[in-house]
Amino acid sequence: MKALYELPAPAKLNLFLHVVGKRADGYHLLQSLFVPIDWMDTLHLERRGDGRLQRHDLRSPLPEDDLCLRAARLLREASGCEWGADIHIDKRIPSGAGMGGGSSDAATVLIGLNRLWGLNWSLARLAPLALRLGADVPFFLGSGPAFAEGVGELLQPTQFSGRRFAVIKPTAGLPTQAIFQSPHLMRSESLAIVAGSFAGTYLDCRNDLQAAAEAASEEVGQALRLLRARFGNSRMTGSGSAVFAEVAELVESASPQATRLEDCLQLPDRWEGRICRSLESLPLAGWIPG
C-alpha cells in the first residue's frame, strides 16, 4: 500500500461544556458531550521512501508545524519506522472554531499512517500519542459520541441519535487562556453520567465558557442571537468562537449532508455557516486494530 486518499476528518460539537474544577497545574477540569458532525476536512496520505514528512495545503495555508506534522513525527519516533509521508490537507473546518478541526486532522494522520506504514498498532498504543498532541485528539480515535471528563481525555462512549445543527463561525477568534481566566467564567456541579443515550437532556445544560466569550467578542453574542431568533435555541461549542443551534425542521439542500446557512440566514461577510448532521459513529472507527 503506497497511498490512502479521501480520508475524512470530521469536526465535533460540544453539546454542553461544564467547568467542574481545576487541577494543581492550572488546567481546568471539564465535563462535556462530544458529538462528531459531517463538516469535515479531507486528507490524502502518500508513503515516502526517503523518510521525509511533508504537508501540502490544498486550501488556505496552515501553520508551518501543525498538529498533522507533529502527529506523523511522533508516530514515526515512537515506532522506529523509517517511512516518510506526504500529507495533503483539504481544510474546510474553520480554524479557531472550537470544533476540533486540528485535533481531528491529527487523529486521521495517526490512523492513516498506522495503516500506510504497516504498523497495525492498537488503540491502547495510539491513545497515549494522541493525548500528547492535545486533549481533544483521543476522542477522534474513538468510535463516536462520548461523554468527556478530565481535561477532555477521559471518554465514555454514548449513544446519540442523529440530529441537525446550524453551525456558525464568526470571523473573530477567542484567546482561550483569557477566556478561562475571565471573571465571567461560570462553573457547574459535576454530573454523574451513566453510559447510555443522552436523548434530549443536553438541552438543559450549557457551555460555562459562553458568558466569558460573549464579554470578549461581540461577534459571538451576535451569532448566538441570530441562531436563537431563527431556531429558538443557541449555544457556544468548545472554547472557540463557533456557535450552534439544533434545527428541528429540514432545510432543503442540494447536498444531503450540509448546506450553507445563507439558505435560511443572512450572515455577515466572511462568516461561515452550515446546516450539519451529527454522526452516530466516527468514519474511521473500524480502522484501528482491536
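The values are calculated or read from the model by the stated rules, or taken from the named source; none is laboratory data. Small disclaimer: the values here were computed from a predicted structure and weren't measured. Virtual Cβ from ideal backbone geometry, glycine too; neighbours counted across all protein chains shown.
Structural remarks
- Residue within the stretch 235-242 that is modelled with pLDDT of 75 or more, assigned to a loop (DSSP other than H, G, I, E, B), among the charged types (D, E, K, R) and within 16 Å of the chain's Cα centre (by Cα) present: no
- Beta carbons closer than 8 Å, at least 6 apart along the sequence or on distinct chains, pair a first residue in the stretch 267-290 that is more than 27 Å from LEU224 (Cα to Cα) and outside the structural domain of VAL247 (by TED's automatic domain parsing) with a second that is among the basic types (Lys, Arg) and crowded, with 18+ Cβ neighbours inside 10 Å for TRP287/ARG115.
- Residues of the stretch 61-92 satisfying the condition of being within 20 Å of PHE140 (Cβ to Cβ), surrounded by fewer than 19 Cβ atoms within 10 Å (Cβ to Cβ), more than 20 Å from the chain's Cα centre (by Cα) and not aliphatic (A, V, I, L, M): ARG73, SER79
- Within the stretch 119-128, the set of residues being surrounded by fewer than 21 Cβ atoms within 10 Å (Cβ to Cβ) and either at pLDDT below 95 or part of a helix (DSSP H, G or I) (or both) comprises LEU123, ALA124, ARG125, ALA127, PRO128.
- The listed residues are PHE231, PHE198, and the only one of them that is modelled with pLDDT under 70 and surrounded by 14 or more Cβ atoms within 10 Å (Cβ to Cβ) turns out to be PHE198.
- Among the conditions (1) assigned by TED's automatic domain parsing to the domain that holds GLY238; (2) out of contact with any helix residue (DSSP H, G or I) (no Cβ under 9 Å at 6 or more places or on another chain), the only one that GLU149 does not satisfy is (1).
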